[in-house]
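This report refers to the structure that appears directly beneath it.
The numbers here are math on the coordinates, done by the rules we state, and not lab data. Everything quoted here is computed from the prediction, not taken from an experiment. Methodologically, a virtual Cβ is constructed for each residue, glycine included, from the backbone with ideal geometry; neighbour enumeration extends over all protein chains shown.
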Amino acid sequence: MRYYLDTNMLVFMLSNKKQSDISTPISNLLSDYANILYTSSVAVKELILLHRIGKAKSLPFKSEKDILNEIKKYGIEIVFFNEHHFTKYAKLTIVEGHKDMNDHAIISQAIADKIALISSDNEFKNYTTQGLEFVFNQR
C-alpha cells in the first residue's frame, strides 16, 4: 500500500531517539517493505523551516542537506505539490478551528493522489468526509 507521511511523522522517523512517538501498528506499516512511503514537498519545506528556527531539536542534523539525505536513506519519495494538488486545495472545506495552511496542503495532496495519510494530528480525521484516507498514529 502507499502512504503519505505528515511532517510530525517525518520528525519521529528521522530523530535518533527511541521511537516511542510511533505506535506499534504504525511502526509495522512503516517497516513493511511492501508499503511505499511518500511525503509532500510541503512537509519537507515545513521540516526544514522547523530545523532552521530551532524547533526540531530532536533532529540530529547539521544542515538541511542532511535532512534530505536522511529522507532519501529511508526510501521516502518526496512528491512535489503541483497544479493537480492546488485544484483540490482550492476546493477543500476547512474545518472550523483548523487554520494550518501546511496541513491543508498536505491533506489536499493526499486526497488528490488517493494515498492514505499517516499523522499524529487528530484534526485530520475531520477531512475523511472529503475523501481523506487517514491513518492515525496514537502516541
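Among residues of the stretch 52-75 being under 26 Å from PHE86 (Cα atoms) and not charged (D, E, K, R), the one that is nearest to the chain's Cα centre (by Cα) is ILE71. Counting only helices (runs of 4 or more DSSP H) that fall entirely inside the stretch 24-118 and contain at least 2 residues that are small (Gly, Ala, Ser), at negative phi and touching a residue at least 24 places away in the same chain (Cβ under 8 Å), the qualifying elements are 41-52, 101-113.
Sort through ILE94, ILE53 and tell me the only one that's loosely packed, with under 12 Cβ neighbours inside 10 Å and more than 28 Å from PRO25 (Cβ to Cβ). Walk me through how you get there before you give the answer.
Values: ILE94 fails: loosely packed, with under 12 Cβ neighbours inside 10 Å.
Of the residues listed, the single one that is loosely packed, with under 12 Cβ neighbours inside 10 Å and more than 28 Å from PRO25 (Cβ to Cβ) is ILE53.
Which residues, counting only those in the stretch 38-60, are among the aliphatic types (A, V, I, L, M) and closer than 19 Å to ASP103 by Cβ? VAL42, ALA43, VAL44, LEU47, ILE48, LEU49, LEU50, ILE53, ALA56 - these are the residues of the stretch 38-60 that are among the aliphatic types (A, V, I, L, M) and closer than 19 Å to ASP103 by Cβ.
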